[in-house]
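Below is one structure; the comments refer to it alone.
Readers should treat all values here as calculations from the given coordinates under stated rules, not as data from a laboratory. Nothing here was measured: the structure is a model prediction, and the numbers come from that model. Here Cβ is always computed from backbone atoms with ideal geometry, including for glycine, and neighbour counts include all displayed protein chains.
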Amino acid sequence: MIDEKSRSELEYYIRYELRGVYKSRMNEDIYEIEFENMSYSKYFKKLLEKDGIKTKDVKNISKVAIFKDQYIGRIIALLKKERMDELIESMNFQTSVIEFISRNFNPIITSGRESGIIRFKMIDGGENYAYKELKELRFNVSFENGSIIVDISETVKEMFKRVSTVFDLESMTPYYAFSVTDEETAEKCKKLDELSVPYKYSDVHREIYIDFDSLKYEISKFNGN
């Protein structure tokens, strides 16, 4: 039986795994989802059919109408697994915790890069599910007044410690960058590489931007390294 709880969970994964733009409604017998893009509705309908879930014929092919007296737990589990695989893959190539969160959770971030306490809500909602995902990924995460709080303060503290051996922290810009001359750029970058500090170099501005919220270091803590 499709109820508000299963509907909420399914629509979270439609937003964040299928990346589909949609609107939905539910009456006594039918749960209907209308996708903005027909390719999403076709794909979603195929998933349902593969799982043996019956749908009602509708004229608008952008709509998928599901009879409510059916079990959709397997579909939710499938999308949940695909979503988790996607998050793990994202962790393999992102360098910044905030970038990872920004790309995968559509957040409104209020703080975090310097303090290491990242507090955010999500533009499209679904904080409860995002909290569980981050917990499963082994982040130090808590839930407070509808906001997700990710504590990476130890990581930020360690990165500041390492960077202080390369740069004078007092010369850091408000956007966590250090100006460098052409002569010292290679040397500074080499030292940061040796210290495993993630950074980005701007040839235009001649600045080295530091990711103090190092995702790689945070992951190493999960593994006890």
Over the Cα atoms of segment 161-225, what Rg and Dmax result, in angstrom?
12.4, 39
Degrees separating the helix 182-194 axis from the principal Cα axis of the chain, which is the longest one
60
Give me the mean projected area, in nm² to one decimal, of the convex hull enclosing the Cα positions of segment 1-133.
8.6
How much length would be gained if the chain were fully extended between Phe93 and Asp168, taking 0.36 nm per residue of separation minus their Cα-Cα distance, in nm to one decimal?
24.1 nm
Lysines within cross-link reach of Lys200: Cα-Cα under 17 Å, excluding same-chain residues under 8 positions apart?
Lys188, Lys190, Lys191, Lys216
For Tyr71 and Tyr201, compute 0.36 nm times the residue count separating them, minus their Cα-Cα distance, and round to one decimal in nm.
41.6 nm
Please give the Cα centre distance for segment 9-40 versus segment 157-208, rounded to the nearest Å.
45
Quick calc: nm separation of the 7 Å Cα→Cβ label points for Thr181 and Leu137 -> 4.1
Can you give the three extents of the C-alpha atoms in segment 4-76 along their principal axes, from longest to shortest, in whole Å?
27, 26, 23
Given q = 0.13, 0.23 Å⁻¹, what are the Debye log10 I(q)/I(0) values for segment 99-203, with equal point scatterers placed on the Cα positions and solvent ignored?
-0.59, -1.19
For the chain, what Kirkwood radius comes out of the mean inverse Cα-Cα distance, in Å?
20.0
